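Take a look at the structure below.
The values are calculated or read from the model by the stated rules, or taken from the named source; none is laboratory data. All values reported here derive from a predicted model rather than from experimental measurement. No Cβ is skipped: glycine too gets one built from the backbone with ideal geometry, and neighbour counts run over all protein chains shown.
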Amino acid sequence: MSIISTIAHSAERRVMVSTADGVELAVREYGRRSADLTVVLIHGHCLRSESWTDVRDALLREHPAARVVCYDHRGHGDSATAPRQTYNLEQLGQDLHDVLDVVAPNGPVVLVGHSMGGMTVLTYADRYRHEIGTRVVGVGLIATAASGLADAGFGRLLRNPFISGFQAAVRRAPRLMQRVKLLACKVFAPVVRAAEFGDGKVSPRVLTLAAAMHNATPIVTMASFLSAFMTYDRTDVLPDLSTIPTMILCGSADLMTPPAHSVAMAAAVDYSDLVMIEGAGHSVILEQPGQVTQAITRLLTRAGDTNTVDRTDLALAA
């Protein structure tokens, strides 16, 4: 571990945030609480905040004056499990609001979400549109979509009748299905690798980390969110993001949320920064953390410049 990485980890502050419905979420903060800008990194389905480790550490090096916040979704990582009926994107949008109210009640924030985390950001933006350009000064959408998840790539599997049967089996016998899941993870490891990663070489460390996060996610959590993906549609909020710096990034070999999703979102958001990373797959934040960090850095620079202008305008108006 490098000296810089050690410093980053030693500065970590952990806090549990209780949501409106009483679920405890594990939150990690890095950097000064008095920072002018807070960056919130939101992970994807069956992952946890550790999926951002390399990107987070690089951001702390590039932007030592910023504060970085990561947290685990309900039912993921160190956060508490919750009733399966609450495993939906509307609830995740509310959870994000609860986290912000506790750890970033004041000052501008930039929201960056990967996969389901990006869907959480769009759901939040749709629900709290009045915060776009005021509280939320920048958005990053990585390997995600605004709608049509079941229309392309591996998302088509959501329409397979097997999915509803699988969910029913999990509801009836969650413990048995958890054991089956662990076995299936080993059997289908090559398929999962193809779905999550691109066509380049992936380090054993990254593969091990990804497998550990997937294996640790409870079967009820994994299965319950699938229904939310079928009906998810946040295309209406995309034009509103034209008023703030927005970065949209994906890998060219992403089979879970193919590039067409990112292209469609970018077309709906004026002046968005569309980044395509050649050969990367759905787990682009694990595969190419350096390039992802560069894209987020540009986003933070744009958001910081905009925020400075806004503050100057307010001062002159006063």
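Of note:
- Those residues of segment 86-128 which are without any contact (Cβ under 8 Å) to a residue 12 or more places away in the chain and over 16 Å from R28 (Cα atoms), in sequence order: N106
- Some residue of segment 22-40 being within 20 Å of E287 (Cβ to Cβ), among the hydrophobic types (A, V, I, L, M, F, W, C) and modelled with pLDDT under 95: no
- Only helices (runs of 4 or more DSSP H) whose full extent lies in segment 1-115 are considered here, and the ones with at least 2 residues that are under 16 Å from the mean Cα position of the chain (by Cα) are 53-62, 89-103.
- Candidates A267, A253: the one that is part of a loop (DSSP other than H, G, I, E, B) and either farther than 19 Å from V68 by Cα or within 15 Å of the chain's Cα centre (by Cα) (or both) is A253.
- Looking only at segment 270-318, and only at residues there that are touching a helix residue (DSSP H, G or I) at 6+ places or on another chain (Cβ under 8 Å) and among the acidic types (D, E), the one that is modelled with the lowest pLDDT: E287
- Within segment 270-303, restricting attention to residues that are charged (D, E, K, R) and assigned to a helix (DSSP H, G or I), the residue that is farthest from the chain's Cα centre (by Cα) is R302.
- Close pairs (6 angstrom Cβ cut-off, 6 or more residues apart or separate chains): closer than 30 Å to T221 by Cβ and without any contact (Cβ under 8 Å) to a residue 60 or more places away in the chain in segment 61-77, part of a strand (DSSP E or B) and acidic (D, E) anywhere: V69/E29
- So R127, is it modelled with pLDDT of 95 or more, of a type in the set (K, R) and either at positive phi or surrounded by fewer than 24 Cβ atoms within 10 Å (Cβ to Cβ) (or both): yes
- Residue match in segment 143-162 (condition: surrounded by 20 or more Cβ atoms within 10 Å (Cβ to Cβ), at pLDDT 70 or above, β-branched (V, I, T) and farther than 20 Å from V284 by Cβ): no
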